[in-house]
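Please read the structure below before turning to the comments.
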Amino acid sequence: PPSLLLTKDERTAFQRLGSDPERDSFIEHFWQVRNPTPGLVNNEFKEEFYRRVEYANAYYGKDAGTQGWHTDRGWTYILFGRPETSMRYQGNQELYPTELWFYSNPGLQELPAFFYVLFFEQNGAGGYRIYEPYVDTPDKLLREGGNSSSQAYLCFASSEPLAAHGE
């Protein structure tokens, strides 16, 4: 799971290591540089990270048949923490189930002050995954194919208005 936090350069450096002692040293340094209170034995960042992994494994992944930290919802929870609010839409005869998470001020300058993450259960099975509007298009949220993206959006917006506008 710590691999979720690796930068591109750290991943490259880790892959170049040739022995277990080198990898152990790298991992120890990895957590030291992320310690919010350097020098203390307890690393609050590391402890919170593993609490989130434990939570993700307990609550996400069963529907996908994998460990929770391997899922999009688990990954999102681990990186950003508990959403400020979340809403689950069970879907209906036309729409797949969706879940909308709202984050406000997650503490990362690289992100907007607030944002939504929409998950959907693609094909109605296999676990929830992040909905990417430019890749998935609104028609991926529909149980029956053949509708245009604009028709799908209108269907989704009429059934799940907040989620439709949150994407």
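The values are calculated or read from the model by the stated rules, or taken from the named source; none is laboratory data. This structure is a prediction, so every number in the text was calculated from the model and none was measured. Note: ideal-geometry Cβ built from the backbone for every residue, glycine included; neighbour counts use all protein chains shown. Each accessible area value is taken on the protein alone, full model and side chains, heavy atoms only, with ligands, DNA and RNA left out. Shrake-Rupley method; radii C 1.70, N 1.55, O 1.52, S 1.80 Å.
Excluding ligands, DNA and RNA, the accessible surface per residue across the range 4-107 is 64 Å² with a 1.4 Å probe. Surface composition of the range 34-124: carbon plus sulfur atoms hold 49% of the accessible area, using a 1.4 angstrom probe and ignoring ligands, DNA and RNA. Summing charges over neighbours of residue 35, with a neighbour being any other residue whose Cβ is under 12 Å away from its Cβ, gives -2 when K and R count +1 and D and E count -1. Just check the range 36-130 against the gyration tensor rule for me: Cα atoms, a ≥ b ≥ c as the square roots of the eigenvalues, rounded for a/c under 1.5, and otherwise prolate or oblate depending on whether a/b exceeds b/c. Oblate, because a/c is 1.5 or more while a/b does not exceed b/c.
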